[in-house]
1. Any idea how many residues of the range 272-306 are assigned by TED's automatic domain parsing to the domain that holds Asp373 and free of Cβ contacts under 8 Å to residues at least 12 places away in the same chain?
2. Check off (1) in contact with a Leu (Cβ under 7 Å, 6 or more places away or on another chain); (2) surrounded by fewer than 22 Cβ atoms within 10 Å (Cβ to Cβ); (3) not small (Gly, Ala, Ser) for Glu135 and give me the number that stays unchecked.
3. Given the condition not in a helix (DSSP H, G or I) and not aromatic (Phe, Trp, Tyr), answer yes or no: does some residue in the range 224-231 qualify?
4. For residues that are under 11 Å from Ala376 (Cα atoms) and touching a residue at least 24 places away in the same chain (Cβ under 8 Å), scanning just the range 21-31, find the one that is surrounded by the fewest Cβ atoms within 10 Å (Cβ to Cβ).
5. Which members of the range 185-238 meet the condition of being polar (S, T, N, Q) and buried (at least 22 other Cβ atoms within 10 Å of the Cβ)?
6. Among the residues of the range 126-160, which ones are of a type in the set (D, E, K, R) and within 21 Å of Lys108 (Cα to Cα)?
7. Return yes or no: is Arg34 within 15 Å of Met401 (Cα to Cα) and surrounded by fewer than 19 Cβ atoms within 10 Å (Cβ to Cβ)?
8. Taking strands (runs of 3 or more DSSP E) that do not extend beyond the range 1-120, which have at least 3 residues that are farther than 25 Å from Leu158 by Cα?
Amino acid sequence: MKDDDATLPGDPFMAYRGDTLFIDGCAAPDLAARFATPLYVYSRAAMRAALGPYQRALAGRAHLICYAMKANSSLAVLQTFAALGCGFDIVSGGELERVLAAGGDPAKVVFSGLGKTRAEMRRALEVGVKCFNVESEAELETLSEVATSLNRRAPVSLRVNPDVDAGTHPYISTGLKGNKFGIAHDRAVAAYRRAAQLPGLAVVGIDCHIGSQITEIAPYLDALDRLLDLVETVEAEGLRLQHLDLGGGLGIRYTDEAPPAADALIAALLARLDARGQGGRELLFEPGRSLVGNAGVLLTEVLYLKPGEAKNFCVVDAAMNDLMRPALYEATMGIVPARRRDLPAVVCDVVGPVCESGDWLGRDRLLGVEAGDTLAVLSAGAYGMSMASNYNTRPRAAEVMVDGDQAWLIRERETAAGLFRGETLLPG
C-alpha cells in the first residue's frame with residue numbers, strides 16, 4: 001500500500017496549493033477541463049531548472065550537452081532545449097528530422113543507435129551532423145562507403161561497451177557484455193585501427209553509455225576509468241581523440257529513489273578526468289530522462305470504481321498505450337488526485353481500458369476519489385508520449401506545455417479517423 005500524497009517528485013513545479021495540484025502556475029483540474037484527458041502536461045520552467053546544474057557544472061570546460069531526445073521528442077520540448085544551447089542525441093532518421101523541424105542545429109547532433117540504415121547515414125551526412133556514434137565494426141565499413149559516395153568523410157566516435165553494471169533494470173542496461181549496444185572493450189583498439197584506415201571516416205572521439213535510470217555515481221566512474229584506459233592505448237598508436245562522450249542515463253526520483261544531483265555527478269567525473277590528466281578535451285553528455293522526467297505529468301479521468309473480492313480497481317481513461325513504463329518495466333510512478341477531496345480512501349489498482357491484464361498504471365494505491373475526478377500520474381515527462389501507441393485503436397493523448405500561468409497546446413489529440421487515414425480497403 002502506498003499513500004502518494006507526500007512531497008511530489010517534481011516539486012516545486014508540481015505542488016499542491018491548498019487541495020489543488022498545480023503544474024507550475026496552472027491548476028491541473030483546469031487543464032484537464034480545458035484540453036480533456038488523457039493529457040500530457042509539461043513544465044518548461046522545470047526543464048530549464050533541470051538543465052541548469054549540468055550547464056553550471058561544465059562552465060569553463062569545452063563541452064556540449066546533447067539532449068537524448070528518445071526520452072521525449074515533442075517539437076516544443078526540442079525547441080526549448082535548442083533555445084538553451086543544447087545539441088541532440090538521436091537514434092533514427094526520424095529523430096533527425098524532428099531536430100531540424102524544431103530549429104535545432106545539426107552541427108550539434110550526435111547520431112547514436114546500432115542499426116543505422118544507409119539512407120539515414122546519407123541524410124545525416126548531407127545536413128552535417130557533429131558525429132556518428134558507431135556501434136559495430138560492420139557499421140564502420142558501411143558508413144565509410146556511404147560517405148565516400150558523397151565525397152565526404154564522416155566524423156566518427158566509437159561507442160565502447162565497458163562491461164560495467166549500472167545497477168538498473170535489465171531492459172535499460174546497455175553497458176554489459178550481454179547487451180546489444182556498442183563495441184566490446186577488447187575489440188575497441190582493433191576497431192579504431194580499422195576506422196583510421198577507411199577513406200570515408202574521420203576519427204574524432206570515443207563514446208560510452210551504460211544504461212538508464214542510474215542512481216549511483218560509482219558505475220559512471222568505473223566506466224570512465226575503462227574508457228580512459230582505451231584512450232591512452234589508442235592515442236599511443238597515433239590517433240587523436242578530440243572528444244569524450246560520457247553518455248547520459250542519470251536517474252530521477254519517481255517515488256523513493258535518491259539519485260545524485262547532476263552537478264555532483266559531473267563534479268566527480270571532472271575530478272577523475274583531471275586526476276588522470278584527461279580534462280582538457282571536449283566533453284559530451286547525453287542526458288534525457290533527468291531533463292524531462294519530473295517536468296511532466298499525465299492527467300487522466302476516473303471512469304469507474306470497481307470493488308472486488310481480491311482487488312479494488314480504479315478504472316481511468318489513460319492506459320498502457322498512453323504510458324508503457326508500468327507494463328514494460330513494472331515501473332512505480334506516483335499517482336495523486338488533481339484535487340484532493342474529503343472522501344474515504346480505498347486501496348486500489350489504477351487500471352486502463354485496454355484489453356490486457358498488464359494494462360495498469362499503479363498498484364495498491366490509497367486514493368480517495370470518485371468517478372469524474374482527475375488523477376495525475378507523476379514523473380511522466382520521459383518515456384511517456386515518446387513510447388505511446390495506438391493499441392486497441394486508441395488515439396494518442398494531447399500534449400500541453402505550461403510556463404508560469406500560460407498553457408499552450410503543443411500536440412493535438414489524435415482522432416480515430418486519423419489513425420486509419422493511410423489505410424486502404426480491398427477493391428470489390
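The values are calculated or read from the model by the stated rules, or taken from the named source; none is laboratory data. Here the structure is a predicted model, which is why all the values come from computation and not from measurement. Positions of Cβ are backbone-derived with ideal geometry, glycine not excepted, and every protein chain shown enters the neighbour counts.
1. Total meeting the criteria: 1.
2. Glu135 satisfies all of (1) in contact with a Leu (Cβ under 7 Å, 6 or more places away or on another chain); (2) surrounded by fewer than 22 Cβ atoms within 10 Å (Cβ to Cβ); (3) not small (Gly, Ala, Ser) except (2).
3. no
4. Across the range 21-31, the extreme among qualifying residues is Pro29.
5. If we filter the range 185-238 for residues that are polar (S, T, N, Q), which is where we start, we get 197, 212-213, 215, 233.
Passing the criteria: Ser212, Gln213.
6. If the condition is that a residue be of a type in the set (D, E, K, R) and within 21 Å of Lys108 (Cα to Cα), then Glu126, Lys130, Glu135, Arg152, Arg153, Arg159 are the ones that fit.
7. Details: within 15 Å of Met401 (Cα to Cα): yes; surrounded by fewer than 19 Cβ atoms within 10 Å (Cβ to Cβ): yes.
It is true that Arg34 is within 15 Å of Met401 (Cα to Cα) and surrounded by fewer than 19 Cβ atoms within 10 Å (Cβ to Cβ).
8. On the way: elements: 14-17, 20-23, 39-43, 63-68, 87-90, 109-111.
Qualifying strands (runs of 3 or more DSSP E): 14-17, 20-23, 39-43.
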